[in-house]
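Below: one structure, written as structure tokens.
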Amino acid sequence: MTFEYAPAPESASIVDIASSYGLFIGGEFVDATSGRSFKSVNPATEEVLADISEAGADDVDRAVRSARTAFESWGSLPGRERAKYLFRIARLVQERARELAVLETIDNGKPIRESRDVDVPLVAAHFFYHAGWADKLEYAGLGRDPRPLGVAAQVIPWNFPLLMLAWKVAPALACGNTVVLKPAETTSLSALAFADICRQAELPAGVVNIVTGAGDTGRLLVEHPGVDKVAFTGSTEVGKAIQRAVAGTGKRLTLELGGKAANIVFDDAPIDEAIEGVVNGIFFNQGHVCCAGSRLLLQESIADEALASLKRRLSTLRLGDPLDKNTDIGAINSLEQLERIRHLAGVGDDEGAERWTADCQLPAKGYWFAPTVFTGVTQAHRIAREEIFGPVLSVLTFRTPDEAVEKANNTPYGLSAGIWTEKGSRILWMADRMRAGVVWANTFNRFDPTSPFGGFKESGFGREGGLHGLAAYLEASDD
Amino acid sequence: MNTRSAPSGLDARPESLSRFLHGLPGVDEVGVAGRAAGLATRSIKQDSKRWAIDTAISMVDLTTLEGADTPGKVRAICAKAMRPDPTDDSVPRVAAVCVYGDLVAVARETVGDAVHIAAVATAFPSGRASLEVKLHDTRDAVAAGADEIDMVIDRGAFLAGDYDLVYDEIVAVKAACGTAHLKVILETGELRTLDNVRRASWLAMLAGADFIKTSTGKVSPAATPEVTLVMLQAVRDFHVRTGRRIGVKAAGGIRTSKEAIRYLVLVNETVGDAWLTPDLFRFGASSLLNDLLLQRQRMASGHYSGPDYVTID
């Protein structure tokens, strides 16, 4: 007997997507003076969702000025007053959780299970957490009277559109800054829904401005002289360009960039849970996760058994309609990204790694890539070094803990790492030696607003979340 | 599977049970809870729900294990087992009725060969008696017509590390069962840790269990998704090693169709559909059956009826 799960789609009727969207500047939606626009597409169906305005130089300038004007009053508002707005936003996110989850899934391609159970609850948690900080900033370890920086230019990626917005906007606002945020061009819709939440929360006009557009808009924003702080999450390549652009301007900068994290499984690991963690580490959000555990380091003594378990588990993953509540793997966010994944997987083939793909049927329309594992990978393979940002896992082996440390650290990145062992002392020993901003032990891809997140080396600098994250949006006082 | 200390094939008893059981990979409780919670979000609708409800009904061991059980009470649950919904012939029979040993004859007389009869034996539920008494208890039940024996392990011996004693008792009870199927109750609520659940599962399978069963129903917590998940992993791994399929029975505390369907999802996504049969997965329950019937009626008619539209037993 086979247990077939009937389709269980979440209803899309809860979201109301307009045919076109303007820019959110000074508390209202305005037309872009550039006159240009672009389309946002549902990556699971290739259906055009909306026409989005592209902000040009004048628009970005208008947004920065609006933020500057708003900063005059917002920056000097007592923390407890700012907190009220943040609490209100957090509650509105919860109230509109289903709508936001569906919208995110339609625009991004991620499974509703994830947008509903991970993204949106974390968004609300980030606003609640930072609302709590707003009137306690003198305890942030930055002196008795830390001051906001001013106008923050924030550029975010398409993998967790609303969550990355929350990571940026919540601490900025709690600390008394105003923001101009640019979402990624393929995933603007949830940011525009957030603009509506700001209006609903009666957030003073200009405190949050949202300018949509692609790389050019982002460049105009970070290079604008009226900006005091730049926060970017995205690729290392763009991060480097931003760093060059802001060098010498006095703008503060935090960068959260790529990763090629090692998930290290020792022979004494709780193996079923380790396999589960490895799957979650790389196939969560189709592998569109900067801290994804894209390199699996298996202790050689258990490699064969662990790989067999991994493949068996991957064969149960359900790929398909992201709105179906039983879908585990959704769509790749864009054709461009799909082509990049295909290219790098092809490089893996050419370099002689052995490709294994879960047996699953890909829908005819949309952008899809089946969960893929490469075995026989070594440090010398490009698929062990370059960030693929897709559902592709490279499997390497190691013999001793020292070798695991060397291999895990032997990457230009340093965002995260995972350690799987039942031995507590080994967890501590390994964690001490990992050059990575986040080290998970016997779990992976767990996020919490109280825990700082950020990278080493080419994965960037600065932290988001927790006490450490506040430093990115405050000027320390002398006393 | 970190089971290198065991002889390959596992046909024989490992030289040192203790070394073998302690060489099994550890269980991370947080990870197991996360996996079980993740699978609990599966949304089972329409045809798949209909199928799941009928499958669950066919997997029920309809149980009465009270000091107050009488022949009348046993005849009542037997009638219910054979015809769970008197208004609807399309409802499948349950897998078995489960009673104390002294009522097996009454049950057999009532059901004939229509459903299995499971008897709890071996000084159920505590298991605190001599091996001789336990074997006698088992033989009595088999002689009275039980074709399934639900035995309890000696949890005291297990927790004291005397695995050989537990193993030998299971082997002896299995021999006393003759052709009757043996379900070995681990009483996971007393073993407490999931590491223990994994070890006890392997111990029971090595000793010849046909089924491993979570609980007596007399100890809280009884069956939980976490415990059942670990036991399903054990039967899966045992099958990989030996080619033999051992069944799993989740008993106690499962009262609603929604919970039952979640267990079927656990089975489906842990061991696969080969186990989705009453031969390899059972629910030990009493009130669950009526909820399954109510849900079944609701799906057929489109509206909820009420407790007076299913029979009490």
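Taken together, the values in this text are just the output of simple stated rules run on the coordinates, not laboratory data. Just so it is clear, the model here is predicted, and its values are computed rather than measured. We place every Cβ from the backbone using ideal geometry, glycine too, and count neighbours over all the protein chains shown.
Numerical summary
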{"item": "Packing-based exposure ordering (other Cβ within 10 Å, fewest first) of A:Tyr473, B:Tyr309", "result": "B:Tyr309, A:Tyr473"}
{"item": "Long pairs among B:Lys213/B:Lys258; A:Lys110/A:Lys407; A:Lys325/B:Lys80, criterion Cα-Cα beyond 26 Å", "result": "A:Lys110/A:Lys407; A:Lys325/B:Lys80"}
{"item": "Only Lys, Arg (+1) and Asp, Glu (-1) charged, at Cβ; chain A dipole about Cα centre in debye", "result": "820"}
{"item": "Antiparallel DSSP beta bridges within the protein assembly as shown, as percent of all bridges there, nearest 5", "result": "20"}
{"item": "Cα gyration tensor shape of the protein assembly as shown, rounded if a/c is under 1.5, else prolate or oblate by comparing a/b with b/c", "result": "prolate"}
{"item": "CD proxy at 222 nm, helix term only [per DSSP H run n ≥ 4: -39500 (n - 2.57); per residue of chain B; nearest 500]", "result": "-14000 deg cm²/dmol"}
{"item": "Residues with amide H under 5 Å from that of B:Lys45, placed H, sequence gap 5 or more", "result": "A:Ala6"}
{"item": "Anisotropy class of region B:33-301 from Cα gyration tensor, a/c 1.5 cut", "result": "oblate"}
{"item": "Extreme residue, positive dipole direction of the protein assembly as shown, given options A:Thr421, A:Gly213, A:Leu474 (C-beta unit charges)", "result": "A:Leu474"}
{"item": "At q = 0.15, 0.17 Å⁻¹, base-10 log of I(q)/I(0) for region A:262-448 (Debye sum, equal scatterers on each alpha carbon)", "result": "-0.83, -1.07"}
{"item": "Derived scalar couplings ³J(HN,Hα) [region A:102-108; Karplus, 6.51 cos²θ - 1.76 cosθ + 1.60; whole Hz; x for Gly, Pro]", "result": "5, 4, 4, 5, 5, 7, 9"}
{"item": "Listed residue (A:Ile14, A:Phe3, A:Ala32) projecting farthest to the positive dipole end of chain A, Cβ model", "result": "A:Ala32"}
{"item": "Mean ellipticity per residue at 222 nm, deg cm²/dmol - from DSSP H runs of n ≥ 4 across chain A, formula -39500 (n - 2.57)", "result": "-11000 deg cm²/dmol"}
{"item": "Among the listed pairs A:Lys168/A:Lys365; A:Lys39/A:Lys229; A:Lys311/B:Lys183; B:Lys49/B:Lys249, those beyond 23 Å (Cα-Cα)", "result": "A:Lys168/A:Lys365; A:Lys39/A:Lys229; A:Lys311/B:Lys183"}
{"item": "Per-residue Cβ neighbour rank within 10 angstrom, fewest leading, B:Ser286, A:Ser188, A:Ser115", "result": "B:Ser286, A:Ser188, A:Ser115"}
{"item": "Beta bridges per DSSP with both ends in region B:33-301, % antiparallel, nearest 5", "result": "0"}
{"item": "In sequence order, calculated HN-Hα J values of region A:50-62 (Karplus, 6.51, -1.76, 1.60; Hz; x Gly/Pro)", "result": "6, 9, 10, 5, 9, 6, x, 4, 5, 5, 5, 4, 4"}
{"item": "Residue among B:Leu264, B:Leu229, B:Leu24 with the largest mean-square fluctuation in a Gaussian network model of chain B, springs linking Cα atoms under 10 Å", "result": "B:Leu24"}
{"item": "Centre separation in Å (Cα based) which lies between region B:81-155 and region A:129-173", "result": "64"}
{"item": "Amide proton proximity set for B:Asp150, modelled H, under 5 Å, gap of 5+", "result": "B:Ala119, B:Val120, B:Ala121, B:Lys183"}
{"item": "Cα pair distances in region A:249-319, grouped into 5 Å bins until the bin that holds the longest one, percent each", "result": "4, 15, 23, 21, 14, 8, 4, 4, 3, 3, 2"}
{"item": "Residue order, fewest to most beta carbons within 10 Å, for A:Leu92, A:Leu310, B:Leu131", "result": "B:Leu131, A:Leu92, A:Leu310"}
{"item": "Under DSSP loop assignment and at most 12 Cβ neighbours within 10 Å, longest GluC sites (Glu not before Pro)-free interval of chain A", "result": "A:203-479"}
{"item": "For A:Leu296, residues with placed amide H under 5 Å, excluding near neighbours", "result": "A:Asn263, A:Ser394, A:Val395, A:Leu396"}
{"item": "Cα centroid separation, region B:196-241 to region A:19-57 (Å)", "result": "56"}
